[in-house]
Amino acid sequence: MSGVLEGLRRRLARISDLERAQSLAAWDERTQMPPGGAEARAEQLATLAELEHEHWVSDELQAALERARGEVEGLPADSDEASLVRVASRLAERARRVPTELAGELARASSLAEQAWVRAREESDFKAFLPFLERNLELRRRYVECFAPYEHPYDPLLEDFEPGLRTAQLEGVLASLRDGLVPLVQRYADGQGRKDALLHGRFPLERQRALAERLLAELPIPRDERRLDTTAHPFAISLSPRDLRITTRYDQGDLAVAVWSLLHETGHAMYENGIAPQLARSPLGQGASLGFHESQSRLIENWVGRSRPFMDYLLRLFREYFPTQFEHVQAERLYRAVNRVERSLIRVDADELTYNLHIVVRFELELALFQGELEARELPQAWAELMRTYLGVEVPDDASGVLQDVHWAAGLFGYFPTYSLGNVIAGQLWALVSGELDGLEEQLRSGELGPLRDWLRDRLHRHGAKFEPAELIERITGGPLDPGPLLTQLERKYEALAAGV
Ligand code: ZN
């Protein structure tokens with residue numbers, strides 16, 4: 001590598017180190033820190049974020065990027081060098097558009113709003129949260145204006161999570177999902193009979209923890225490159241491709257919570273674990289987008305974790321740790337229990353069929369807010385109407401309605417759709433891998449995910465953030481983002497379940 005590129009790499013490595021230090025502080029905050037550390041931790045995180053921002057907007061980085069652009073001219077666009085310069089230039093350009101004062105105000109307002117949200121949700125009181133939400137929205141609108149001109153005011157919000165994706169295209173994808181899923185939910189949500197209590201009962205936490213450690217040990221991430229901790233809202237964080245922090249949560253009365261959270265978060269960690277080592281400590285050393293990230297977690301949680309063959313494997317594990325509950329259970333019963341369709345109020349508890357409708361509700365509300373068609377104070381009513389229309393449920397209070405998720409309190413608008421994009425991409429990948437990977441079904445039956453991991457690593461993981469999502473999906477599948485495979489496979493799955501096959 002030339003001296004010019006080497007110099008740029010060093011600057012970007014420093015920024016990456018600051019970013020990972022924030023991740024470490026955040027991981028610690030959510031898994032280890034005593035409550036007394038909260039105030040100081042907020043300051044520490046803010047300082048690190050400011051330092052990182054200063055690096056991104058510095059004239060020195062501008063100059064280094066300028067020189068590097070000349071240096072990589074003529075190199076193939078998919079080379080590591082050209083990709084590094086292209087992606088870093090885009091990130092630096094975006095950082096420079098946002099005044100430091102606004103960046104700080106966004107962080108401060110969302111921190112205050114999150115605290116207010118916790119209280120408001122406890123008391124199911126949207127009115128108490130409203131002023132904080134209004135402040136977040138006002139600041140986000142100012143943020144959007146930093147990127148004028150744009151085709152749609154929602155575009156700059158999306159760009160932070162899904163580089164290159166435009167609102168118009170996203171609207172099309174989510175509308176097809178909605179139109180495909182609403183009739184499926186109507187067909188399969190009712191008439192399934194009584195709920196199976198198989199995964200409910202008393203599952204001592206110590207046994208659950210042992211089961212989780214064992215399950216993780218059998219999943220394809222090397223033992224000395226990850227650890228598992230407990231948290232209230234599970235997440236996975238990467239401190240480097242070889243230092244993955246996975247979390248899950250345990251519910252004594254519900255075994256499903258820990259197991260499927262763990263599978264989900266391990267999917268995220270497997271993605272980071274597979275990024276090519278030479279991309280680490282650079283803006284390329286992460287997933288391509290939130291949508292792609294979520295595709296990996298959903299693939300492991302749902303396409304693997306709720307598949308019929310994988311039930312054979314899981315049941316063997318369950319019998320080992322909870323013999324009384326599972327001794328006489330058949331895999332088919334477990335399969336049905338974890339694939340039950342239910343019209344429910346809470347997104348994080350939703351099944352594969354209804355989940356994306358929860359996202360559509362939030363997306364349509366966000367669009368209306370940023371198109372100036374809806375005021376924040378009208379949200380509870382608008383929320384209730386959409387839930388009735390798409391899911392057929394009545395929202396009894398704010399806590400199980402508009403206040404259930406932290407995202408808007410955290411100032412994250414444009415984030416929710418990435419969950420559905422993840423499901424769509426996972427559907428496309430699964431259609432492809434099921435046709436290409438010999439013996440996949442047998443491997444799932446024995447809990448052997450190594451070959452699947454290798455396939456994903458070769459097609460997706462190793463590229464890190466080198467390509468924008470649209471280019472990446474094209475490279476992998478030969479076509480654009482397409483909800484078709486997700487809808488077809490879901491329809492087939494639930495039809496077979498209903499027929500008792
Ligand atoms: Zn996730």
### Task
Confirm whether Ser297 is open to solvent by less than 10 Å² (accessible area, probe 1.4 Å), in contact with a helix residue (DSSP H, G or I) (Cβ under 7 Å, 6 or more places away or on another chain) and within 15 Å of the ligand (Cβ to nearest atom).
yes
### Query
Looking at (1) out of contact with any Phe, Trp or Tyr (no Cβ under 7 Å at 6 or more places or on another chain); (2) under 18 Å from Glu159 (Cα atoms), can you tell me which one Arg459 breaks?
(2)
### Task
Hey, can you tell me all the residues within segment 268-286 that are open to solvent by 10 Å² or more (accessible area, probe 1.4 Å), within 17 Å of Arg453 (Cβ to Cβ), more than 10 Å from the ligand (Cβ to nearest atom) and in contact with a helix residue (DSSP H, G or I) (Cβ under 7 Å, 6 or more places away or on another chain)?
Asn273, Ala276
## Note on the structure
Across segment 201-229, the tally of residues that are within 16 Å of the ligand (Cβ to nearest atom) and in contact with a Gly (Cβ under 6 Å, 6 or more places away or on another chain) stands at 0
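Scan segment 115-151 residue by residue and report those that are farther than 22 Å from Leu403 by Cα and without any contact (Cβ under 8 Å) to a residue 40 or more places away in the chain.
Within segment 115-151, Glu145, Ala148, Pro149, Tyr150, Glu151 qualify.
Restricting attention to helices (runs of 4 or more DSSP H) lying wholly within segment 377-482, give those where 3 or more residues are farther than 19 Å from Gly291 by Cβ and open to solvent by less than 10 Å² (accessible area, probe 1.4 Å). Give the derivation first.
Working: elements: 379-391, 417-436, 440-445, 450-459, 469-477.
In segment 377-482, 379-391 are the helices (runs of 4 or more DSSP H) which contain 3 or more residues that are farther than 19 Å from Gly291 by Cβ and open to solvent by less than 10 Å² (accessible area, probe 1.4 Å).
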### Message
I'd like to know if segment 8-16 contains one or more residues that are β-branched (Val, Ile, Thr), out of contact with any Gly (no Cβ under 9 Å at 6 or more places or on another chain) and open to solvent by less than 20 Å² (accessible area, probe 1.4 Å).
### Response
yes
### Message
Test of understanding: among Ala232, Ala258, which residue is modelled with pLDDT under 95 and away from the ligand (no atom under 13 Å from the Cβ)?
### Response
Ala232
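Which count do you get for residues in segment 55-66 that are open to solvent by 50 Å² or more (accessible area, probe 1.4 Å) and closer than 18 Å to Pro283 by Cα?
Our first condition is that a residue be open to solvent by 50 Å² or more (accessible area, probe 1.4 Å); within segment 55-66, this holds for 55, 59-60, 62, 66.
Right, trim to closer than 18 Å to Pro283 by Cα and you get 55, 60, 62, 66.
Total meeting the criteria: 4.
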### Message
Among the residues that make up segment 238-255, is at least one of them within 12 Å of the ligand (Cβ to nearest atom) and open to solvent by 20 Å² or more (accessible area, probe 1.4 Å)?
### Response
no
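Test of understanding: among Glu71, Glu81, Glu52, which residue is part of a helix (DSSP H, G or I), farther than 12 Å from Ser282 by Cα and more than 25 Å from the chain's Cα centre (by Cα)? It would help to see each step written out before you state the result.
Numbers: Glu81 fails: farther than 12 Å from Ser282 by Cα; Glu52 fails: more than 25 Å from the chain's Cα centre (by Cα).
Answer to the check: Glu71.
The values are calculated or read from the model by the stated rules, or taken from the named source; none is laboratory data. Nothing here was measured: the structure is a model prediction, and the numbers come from that model. As a convention, Cβ positions derive from the backbone with ideal geometry for all residues, glycine included, and neighbour counts pool all protein chains shown. Note: accessible area is taken over every heavy atom of the protein model, side chains too, but ligands, DNA and RNA are not part of it. Shrake-Rupley method; radii C 1.70, N 1.55, O 1.52, S 1.80 Å.
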